[in-house]
Amino acid sequence: MPSLSHTLAATSMQRTAIGSIALQAENDPALFEELASLAGDEDDTVAWHAAWALEQVSRHRPELLERYRKEISRRAVAEPRHGMQRLLLSIVNRMPMPADIDTELFDFCLEGMHSPRLSIAVRALCIKIACRICVLHKPLAEELRLHLEYGNEESLPTGVATARRNALRELERLRNKEKDKKGLTKQKICFQTI
């Protein structure tokens, strides 16, 4: 039986083959560890296919990737290849957001959402990830809102414009929730003083 590295080195792999590797890795810790290691392989084809399989794992079992969060985020921010960057950011987007703010990732997302040098998918993922960070870290929401409101929506590609509208809607929902919470607190204080 060929090694995982040899299998992933095949120049053309079908979605079903990647899905099969991902499914096996979900249930085999040793295979998962090898797959995670190969995502950083020097051979671009091996690294690409390993990241693709990990992205498939993240759809069903994002918790398996949790301990690799910092490394995946760091690689996603620095990755020069758009396809690999999209896979890594997709994994980050599916993982639960940590309590601590990943400032490098947040800053990358703020810059990346407007960057014409990034692919449309990466720009849309930047918006989604930044919005998810703001849900946990509400003081950042106003900064994100300013970035999202910058520019003309008509000039944006459809995928970026859709992600922008959805994020603005979510930020508005958060703002209203905070207002309601503050309003209830003021009412409670008023009733306590009466």
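Could you work out [θ]222 nm for the chain from helices alone, using -39500 (n - 2.57) per DSSP H run of at least four and dividing by all its residues? Round to the nearest 500 deg cm²/dmol.
It lands at -23500 deg cm²/dmol.
What is the distance in Å between the Cα centres of the range 85-149 and the range 1-64?
After rounding, the separation between the Cα centres reads 25 Å.
So between R165 and E71, what do we pick up on full extension, going 0.36 nm a residue minus the alpha carbon distance?
Fully extending the segment from R165 to E71 adds 30.9 nm.
Taking 0.36 nm per residue of separation and subtracting the Cα-Cα distance, what length does fully extending R94 through V135 add?
Separation in residues times 0.36 nm, less the Cα-Cα distance, equals 13.3 nm.
Cα axis of helix 69-78 to longest principal axis of the chain: angle in degrees, 0 to 90, nearest 10?
It works out to around 90 degrees.
Please state, to two decimals, what the Cα-based radius of gyration of the range 1-52 comes to when divided by 2.2 N^0.38 Å (N = residues).
Relative to the rule-of-thumb radius for its length, the range 1-52 sits at 1.00.
Using 0.36 nm per residue, how much length does the chain from T7 to D107 gain when fully extended, once their Cα-Cα distance is taken away?
Roughly 32.4 nm would be gained on extension.
Rounded, prolate or oblate: which one fits the range 44-91, using the alpha carbon gyration tensor with axes a ≥ b ≥ c (rounded when a/c is under 1.5, else prolate when a/b beats b/c, else oblate)?
oblate
For a quick check of understanding: with a 1.4 angstrom probe and all protein chains in place, what accessible area in square angstrom does L118 have, to the nearest ten?
Ignoring ligands and nucleic acids, L118 comes out at about 10 Å².
Working from Cα positions, state the angle (0 to 90°, nearest 10) between the long axis of helix 15-27 and the longest principal axis of the chain.
Compared with the principal axis, the helix lies near 80 degrees.
Report the longest stretch of the chain that contains none of the trypsin sites (Lys or Arg not before Pro) sitting in a DSSP loop with at most 15 other Cβ atoms within 10 Å.
1-80
Across the range 1-114, what fraction of all alpha-carbon pairs, as a whole percent, falls in each successive 5 Å bin from zero upward?
For the range 1-114, the pair-distance distribution reads 2, 12, 24, 25, 18, 11, 6, 2, 0, 0.
Show me the chymotrypsin sites (Phe, Trp or Tyr not before Pro) within the range 64-153 that DSSP assigns to loop and that have at most 11 other Cβ atoms within 10 Å of their Cβ.
Within the range 64-153, the qualifying chymotrypsin sites (Phe, Trp or Tyr not before Pro) (loop, at most 11 other Cβ atoms within 10 Å) are Y150.
Enter the angle in degrees (range 0 to 90, nearest 10) between the Cα long axis of helix 44-60 and the first principal axis of the Cα atoms of the chain, meaning the one along which they spread out most.
Taking the Cα atoms of the chain, the angle to 44-60 is about 50 degrees.
On a 1.4 Å probe surface of the protein chains, which of I72, I101 comes out largest in accessible area, and what is the full order?
So, going from the largest accessible area down, we get I101, I72.
Per-residue HN-Hα couplings for the range 166-173, Karplus 6.51 cos²θ - 1.76 cosθ + 1.60 at θ = phi - 60°, whole Hz, x for Gly and Pro?
4, 5, 4, 4, 5, 5, 5, 4
Can you compute the FRET efficiency between H82 and K179 using 1/(1 + (r/R0)^6), with r the Cβ-Cβ distance and R0 = 45 Å? Round to the nearest 0.05.
It comes out at approximately 0.70.
At q = 0.09, 0.10, 0.15, 0.16 Å⁻¹, what base-10 log of I(q)/I(0) does the Debye formula yield for the chain when every alpha carbon is treated as an equal point scatterer in vacuo?
Log10 of I(q)/I(0), two decimals: -0.41, -0.49, -0.91, -0.99.
The values are calculated or read from the model by the stated rules, or taken from the named source; none is laboratory data. It should be emphasised that the depicted structure is a prediction, and the values quoted were computed from it without experimental measurement. Because the Cβ atoms are built from the backbone with ideal geometry, glycine has one as well, and the counts that use them run over all protein chains shown. Surface areas here come from the heavy atoms of the whole protein model, side chains and all, with no ligands, DNA or RNA. Shrake-Rupley method; radii C 1.70, N 1.55, O 1.52, S 1.80 Å.
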